[in-house]
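The values are calculated or read from the model by the stated rules, or taken from the named source; none is laboratory data. Since this is a predicted model, take the numbers as computed values, not measurements. Glycine gets a Cβ as well: all are built from the backbone with ideal geometry, and neighbour counts include every protein chain shown.
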Amino acid sequence: MRLREESGQALILALGGGLALLAGALALVAIAGAVTGKGRAQRTADLAAISAARSMRDDLSRLLSPRTLAGGRPNPAHLDKPTYLALARTAALEAGEANGLDPNRLRVSFPDESSFAPVRVRAVVVARLEVGEGGDRVEASALAEAAAPAVGAATGGTEMASGGGYGGPLVYRDGKGMRPDVGAAFDRMARAASAAGVSLVVVSGFRSDAEQAALFAAHPDPRWVAPPGQSLHRCATELDLGPDTAYGWLATNAGSFGFVQRYSWEAWHYGFGSGPAPCSEAGNAVGEPGGGGAAATGTTLPAFVPSRFREPLLAAASRWSVSAALLAAQLLAESNFDPFAISPAGAQGIAQFMPETAAGYGLHDPFDPVAAIDAQAHLMSDLIRRLGSPELALAGYNAGPGAVEACDCIPPYPETQAYVTRILALLDGAGALILPGFEVRLVA
C-alpha cells in the first residue's frame with residue numbers, strides 16, 4: 001500500500017517536474033522570440049534612418065541651390081524644404097516596407113527641421129510581438145545624419161604626401177588621401193554608382209610606410225597585407241572600397257573609370273591604372289602646373305578669380321587644407337576681391353576681417369591681400385574642424401561660431417542665410433559644389 005502511494009506521489013512529482021520544464025522551455029522560447037523581435041525592429045529602424053539620411057545627402061545641393069536663375073526665372077533644380085523632407089520621409093517608409101514593416105508602425109522625424117538645411121533624421125519603430133498573453137510592445141529607434149567626413153574629404157582640401165613612395169599633393173574622399181587624378185576618377189565612378197543605386201565608400205587610400213608597418217605588425221601575413229615599402233598604397237593610387245554590396249557593381253564597371261582589381265582574392269582593392277605609373281616622377285607631378293591633374297583637385301579655381309589672386313589662393317588652400325574654390329567664392333561674396341574694402345560694421349580688406357579676429361590670427365595688415373587670404377584659409381580650416389562642415393563654417397565666418405553651435409545649424413539670420421546660399425550657388429555654378437561629398441552615418 002505504501003509502495004503504491006509512493007509510486008503515485010513519484011508520478012505526480014514527475015508530471016509536475018515535466019510541466020515545470022515545459023513551462024521553462026516556453027518561457028525561454030518567449031524570451032528568445034522577444035530578443036529576436038527587438039533586434040529585427042532595431043535593424044529596421046536603422047535602415048529606415050539611413051535611407052532617409054541618404055535621400056537628404058543626395059538632395060542637399062538642390063535644397064541649397066538658388067530659387068531663381070538670372071532674370072528671375074524659377075530654378076528647376078531648386079528643391080524647397082518641405083519637398084526635401086517629404087522625399088526623405090518617403091525613403092524611410094519605403095525602407096521599412098521593404099523589410100516587412102507596416103508603415104503605420106514607423107515614426108519619422110527630423111531633429112533639426114527648423115534649421116536652414118536639415119541633415120538629421122530619427123526613425124522609431126513601434127511594434128507588438130505576439131509573445132505571451134496580450135503580446136509585448138517593443139520600441140526601437142535610430143538617429144542618422146548626413147554630415148561632412150574628415151576635413152578635406154568634402155571640401156576638396158589638399159596636402160602634400162610624405163613618408164611613402166608618393167610625394168605629390170593628396171586629395172581626400174571620405175577622409176582618405178589619394179593622388180588628384182585618382183580622386184577625379186573616383187568621383188566619376190561614385191556618381192555612376194549612385195545613379196545605379198550603389199553607394200561607394202573609400203575605406204583606405206594612401207598609407208605611409210610607417211602606417212603600413214603598423215598594419216603589417218598587426219596582420220603579419222603577406223598574402224593579405226604587404227610588408228612596409230612594398231604596398232602600392234604608398235603610391236596613393238590604391239583604394240580599398242566598400243561596402244561589400246558594391247563589389248558586384250565594381251567588378252563589372254570599375255574598369256570603365258580606369259580602375260583595376262589588383263588581386264582576385266581582394267574584392268575591395270582597386271588601383272588606378274589609367275594615369276602615370278604608381279610611385280613615379282610623373283605621378284608626383286599630377287596636380288602641379290602642367291601636370292594634367294589640377295582640374296581633379298580642390299585647387300582649381302573658378303574663372304571669376306582675378307589672376308593676381310590665383311597663386312595666393314592656391315598656396316593658402318594647400319597650406320590649410322581648404323578648398324581653393326570655396327575660398328574664392330567667399331572672397332567674391334565678402335568684398336568682390338577688393339583689397340581695400342571696408343564694411344559699415346568695420347570689417348576690413350579682401351577677406352573682411354574684424355580687427356579683433358585679424359589680431360587673433362596674426363593678421364597685422366588686413367589690407368594686405370596675400371596675408372589676408374592666408375588668414376582666411378586658416379580661419380576657415382579651424383571653423384570646419386570646429387563646426388563639422390563647410391556650410392556651417394561659412395555661417396560661422398559670417399555670424400560667429402557661437403551662433404552656429406547654439407543651434408547646430410545655419411542660424412535663422414537673413415543675412416547669414418543669404419551669405420551661405422550665395423557662396424554655395426557660386427560654387428555650384430563653377431562646378432565646384434562641395435556638398436555631394438557628405439557621408440551618411442548612424443548617430444544613435
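If a residue has to be farther than 13 Å from Cys235 by Cα and modelled with pLDDT of 80 or more to count, how many in segment 212-223 make the cut?
The first filter runs over segment 212-223 and keeps only residues farther than 13 Å from Cys235 by Cα, leaving 213-223.
Next, only the ones that are modelled with pLDDT of 80 or more stay: 213-214, 216-217.
Matching residues across segment 212-223 total 4.
Taking segment 113-125 as the range and being β-branched (Val, Ile, Thr) and either at pLDDT 80 or above or in contact with a His (Cβ under 9 Å, 6 or more places away or on another chain) (or both) as the test, the residues that pass are Val121, Val124, Val125.
Please verify whether Arg188 is closer than 22 Å to Glu281 by Cα and modelled with pLDDT of 80 or more, treating the condition exactly as stated. Don't jump to the end; show me each part of the working.
On the way: closer than 22 Å to Glu281 by Cα: no; modelled with pLDDT of 80 or more: yes.
When the stated conditions are applied, Arg188 does not pass them.
Residue-by-condition table, conditions (1) closer than 13 Å to Gly168 by Cβ; (2) at pLDDT below 95; (3) in contact with a helix residue (DSSP H, G or I) (Cβ under 7 Å, 6 or more places away or on another chain):
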| site | (1), (2), (3) |
| --- | --- |
| Pro243 | no, yes, no |
| Tyr263 | no, yes, no |
| Thr299 | yes, yes, yes |
| Val305 | no, yes, yes |
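Quick one: would you say Ala86 is surrounded by fewer than 15 Cβ atoms within 10 Å (Cβ to Cβ), modelled with pLDDT under 70 and out of contact with any helix residue (DSSP H, G or I) (no Cβ under 6 Å at 6 or more places or on another chain)? Taking the combined requirement at face value, the residue does not satisfy it.
Of all positions in segment 57-64, none carries a residue that is farther than 20 Å from Glu391 by Cβ, of a type outside the set (S, T, N, Q) and at pLDDT 70 or above. On the basis of being assigned to a loop (DSSP other than H, G, I, E, B) and crowded, with 20+ Cβ neighbours inside 10 Å, does Val404 make the cut? Against the criterion (assigned to a loop (DSSP other than H, G, I, E, B) and crowded, with 20+ Cβ neighbours inside 10 Å), Val404 does not qualify.
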